[in-house]
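J.: Supplied in structure tokens, the structure appears directly below.
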Amino acid sequence: MSTVATMLSGRLSTFEPMYFADGKNGDNLAKFQFSFKYRLHLPDDPRSRGFFDNLYFGYTQAAIWNLSAKSVPFRDISFQPQLFYYVEDTGVRSPLFTRMGVAAGIGHESNGKSGDESRAINIAFVRPTWEFGDLTGNHLTLSPKFYYYLPRAGNHDIADYRGYVDFLVKYGSPTASNSRRRCAKARSTGMAAWTRN
């Protein structure tokens, strides 16, 4: 196995939802997002809940693309690196859910511009995740993400526009979820996201 393959094996995985959507209401705008996470250290025991054993670097990039303009420019791009602790299964058991995971860390979001056009925020976050039902088949996932905005010059009123919580709801099977990333027509997977002030 090559050095690169060894370095990526068991460490690189999907992170936030990935999608491509295209629609027309005046301009023909497409929106897409890709995202991955990379486990910085692969422990000998995959069940380890140690801090450094479960430290991840995550990266998400989202864009709005104007396909109707002559030069097909990007209308907006968002770069979102994050560093966080994540465990898929905390070991907490309850008759109310099948599995509980948690992620907590810091993140940065920027449009990549400088000067007056620069837009950026820094956050600390906690994201518990509860899964209900058969984890090998169709099941429900609920995952609120709670934000704290770290002090930064500018954007002092960002919470008025972005809120303090994102809420992710997914339903489907691991197989269907993987298929959905490759083909938007998978029938047994659904997802919704909601942000509230």
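J.: Note down the magnitude of the dipole of the stretch 1-87 about its Cα centre, charges +1 on Lys and Arg C-beta and -1 on Asp and Glu C-beta and zero elsewhere, to the nearest 20 debye.
T.: Details: 9 positive and 7 negative charges, 23 e Å.
Here the size comes out at about 120 debye.
J.: Please report the net charge: other residues with Cβ closer than 15 Å to the Cβ of Phe74, K and R +1, D and E -1.
T.: After counting each charged neighbour, the total is +1.
J.: Lysines near Lys24 by alpha-carbon distance under 24 Å, same-chain residues fewer than 8 away left out - which ones?
T.: Lys70, Lys185
J.: Under a Cβ-Cβ cut-off of 11 Å, what is the net charge of the residues other than Gln61 that fall near it, where Lys and Arg count +1 and Asp and Glu count -1?
T.: Value of the local net charge: -2.
J.: Next question, about the same structure. Report the local net charge at His139: Lys and Arg +1, Asp and Glu -1, summed over other residues whose C-beta lies under 12 Å from its C-beta.
T.: Values: positive: Arg99, Lys170; negative: Glu131, Asp134.
Net charge around His139: 0.
J.: In addition: Going by C-beta contacts inside 10 Å, put Ile123, Ile77, Ile158 in order with the fewest on the left.
T.: With the sparsest Cβ surroundings first, the list reads Ile77, Ile158, Ile123.
Quick note: the coordinates plus some simple rules give every number you see, no bench work behind them. Nothing here was measured: the structure is a model prediction, and the numbers come from that model. Glycine also receives a Cβ, built like all others from the backbone with ideal geometry; neighbour counts cover every protein chain displayed.
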